[in-house]
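Quick notes on the structure that follows.
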There are 2 protein chains.
Amino acid sequence: MKKLINSPETVVADALAGLAAAHPELAVDTAARVVRRARPGAPGKAALVSGGGSGHEPLHVGFVGPGMLDAACPGEVFTSPVPDQMLAAARAVDTGGGVLFVVKNYTGDVMNFALAAELAAEEDIEVATVLVDDDVAVQDSTFTAGRRGTGATLVVEKAAGALAELGAPLAEVAALGRRVNAASRSYAVALTAATVPAVGRPGFDLPEDEIEAGVGIHGEPGRRREPLRPARELAAEVVDTVLADHGLAPGDEVIALVNGMGATPLLELYVVFGEVAARLADAEVRIARSLVGNYVTSLDMAGFSLTLTRADAELLRLWDAPVATPALTWS
Amino acid sequence: MKKLINSPETVVADALAGLAAAHPELAVDTAARVVRRARPGAPGKAALVSGGGSGHEPLHVGFVGPGMLDAACPGEVFTSPVPDQMLAAARAVDTGGGVLFVVKNYTGDVMNFALAAELAAEEDIEVATVLVDDDVAVQDSTFTAGRRGTGATLVVEKAAGALAELGAPLAEVAALGRRVNAASRSYAVALTAATVPAVGRPGFDLPEDEIEAGVGIHGEPGRRREPLRPARELAAEVVDTVLADHGLAPGDEVIALVNGMGATPLLELYVVFGEVAARLADAEVRIARSLVGNYVTSLDMAGFSLTLTRADAELLRLWDAPVATPALTWS
């Protein structure tokens, strides 16, 4: 295992120390494991809190800032954060407008966020929850009952964050988040497996000429092993898989996210995006907005995921709204 | 070799097609291999053109946009672009204020940009050149007489781009670019080698427990092979190496770039940044601004580089000025 770490035991704490040093606009509580905006939201603003295992950076800590999350709770690598973290985050960011938990659909995350919501309710903090379950690869998986939450998390957090910034009440922000999730589908392929620091070896073995199609962001098994093929063929298969599940019609518009899994160079992601765009053009699905880069990652896994979110005027307005976080910034 | 490409022969063309599809705000001439802003700069603005071999993305194509480059010329992977590309770029972006070539110090790039400058002069396009040579690792190297140009390129392009946007004449923008380069030093370590698509195997072999210290962005040899050690020790060595060459004094301020080489997860880069910040604090060098991410890469190489640029009030103002490119955006 070759990694730029001090030790597997301290990797999350050490990364948070670095995040704090790099981003004075964030308040990083390394003891409570809560990352929040140094400047709280306006009084009464619905606050967004997300979190999950570490190893998916920039998700979620890199999405904290005006126009997106109010706080994030990073767990250990590929391990759910605990309810105390989520409760501490909710307390810290609630300015009277309540708190939206954005939760990726993994059993541990779901359970812990539910418990945190109960604890927050006992303190009279209003909590709503949006569950993200966009991965079409498999119905149930290693850590999940139902579909896994992956790339759509970024789109939900961006859109709901923008609506909250505009002053919409918690219930509306939650409804929008659920609508974005329902409008999103993702699918991923891996060329190599991730190595969890505490494990020290790749999560699975892949021959030099094979990929894992339908892989999850923790290396969960996908649909099948397949031969490695040119990007054009892989992109076509991924687009077709998402479209088959999505029910998009010719003329529909989408937000398209071509996401690297952590160790994929940008040069390759642009090759993939070009092929995705060509295949979507064949299907007469129009890309209204797009994003290309490593955003919802799996440590040092090589590969990519595609997320397509059906777009409409409201969603595009929210997507285009200003955002200022370490990983996503526009004005 | 596991890569998301169609073929080694088409990787640059295919990536440019993807860049064009993802970024309608860029005009991508795939035949001439020139990427420029779709909306030209103001009449009389000094125009910035850079370029170099592909495989270092987002450098340079991802730095094209308001506040940074006017155009970039991508060569084949790890291969200088040709003078015709640079001339076409200069013609396309000159609005009467002349053109600044930002050139990383590699023999091929230097020769080709010099030839392009002569050709442009024959067409009455005023050209100035800034040579970037910030890498302290070695005096001469595989592709270079003198020091190699690496991470400081980003800082030069950001600062000079901001000054040009403010309306400064070409000579001033060039002088500022040279000043930023002179104020910058970089040093890199590699955990793995990059694989050039047309070669099909890693550029060098590294045992599981060794790193290449002082590596170049094309995998050029560094100072020595060293044992892989905890991030704290590697960061300390890298900081000390840069400081020893830089002549920074206690109380000095810097812009600090901790840059991934392409396949390094953000989690690890934040661990490194935390250790870099701690070591700089020991040396009483203050980090005024920072950037953490994969910006000046070497295909799928794992590792990181540190660039320190001595900061002053003018440089910080230019660094903070708005920028809107695919890879760097703030307002």
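The values are calculated or read from the model by the stated rules, or taken from the named source; none is laboratory data. Only a predicted model underlies this, so the values are computations on that prediction, with no experimental measurement involved. Counting neighbours? That spans all protein chains shown, and the Cβs are built from the backbone with ideal geometry, glycine included.
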Legend entry - Subset tally (residues that are buried (at least 19 other Cβ atoms within 10 Å of the Cβ) and free of Cβ contacts under 8 Å to residues at least 24 places away in the same chain) for the range B:144-178: 0
Legend entry - B:Glu57, sole failed condition from (1) more than 8 Å from chain A (Cβ to nearest Cβ); (2) part of a loop (DSSP other than H, G, I, E, B); (3) of a type in the set (D, E, K, R): (1)
Legend entry - Enumeration of residues in the range A:298-319 that are within 13 Å of chain B (Cβ to nearest Cβ), outside any loop (DSSP other than H, G, I, E, B) and on the phi < 0 side of the Ramachandran plot: A:Met301, A:Phe304, A:Ser305, A:Leu306
Legend entry - B:Gly75, sole failed condition from (1) crowded, with 23+ Cβ neighbours inside 10 Å; (2) within 15 Å of B:Thr153 (Cβ to Cβ): (1)
Legend entry - Count - residues of the range A:187-213 that are out of contact with any helix residue (DSSP H, G or I) (no Cβ under 6 Å at 6 or more places or on another chain) and either under 18 Å from A:Leu154 (Cα atoms) or not assigned by TED's automatic domain parsing to the domain that holds A:Leu316 (or both): 1
Inset, instruction - Read through the list (1) surrounded by fewer than 24 Cβ atoms within 10 Å (Cβ to Cβ); (2) assigned to a helix (DSSP H, G or I); (3) within 14 Å of another protein chain (Cβ to nearest Cβ), then give the number of the only condition that A:Gly62 fails. - result: (1)
Inset, instruction - Could you please let me know if A:His23 is within 14 Å of another protein chain (Cβ to nearest Cβ), surrounded by 21 or more Cβ atoms within 10 Å (Cβ to Cβ) and under 21 Å from A:Asp109 (Cα atoms)? - result: no
Inset, instruction - Evaluate the range B:71-81: report whether one residue or more is in contact (Cβ under 8 Å) with a residue 12 or more places away in the chain, out of contact with any Pro (no Cβ under 7 Å at 6 or more places or on another chain), among the polar types (S, T, N, Q) and outside the structural domain of B:Ala194 (by TED's automatic domain parsing). - result: yes
Inset, instruction - Spot the failing condition for B:Arg232; the list is (1) facing chain A (nearest Cβ under 7 Å); (2) within 23 Å of A:Pro265 (Cα to Cα); (3) touching a residue at least 12 places away in the same chain (Cβ under 8 Å), and only one is missed. - result: (2)
Inset, instruction - Starting from residues that are modelled with pLDDT of 95 or more, assigned to a strand (DSSP E or B) and not β-branched (Val, Ile, Thr), keep the ones in the range B:122-166 and report whichever is nearest to B:Val215 (Cα to Cα). - result: B:Asp135
Legend entry - the range A:261-297, subset under 23 Å from A:Ser54 (Cα atoms) and more than 9 Å from every other protein chain (Cβ to nearest Cβ), residue nearest to the chain's Cα centre (by Cα): A:Val296
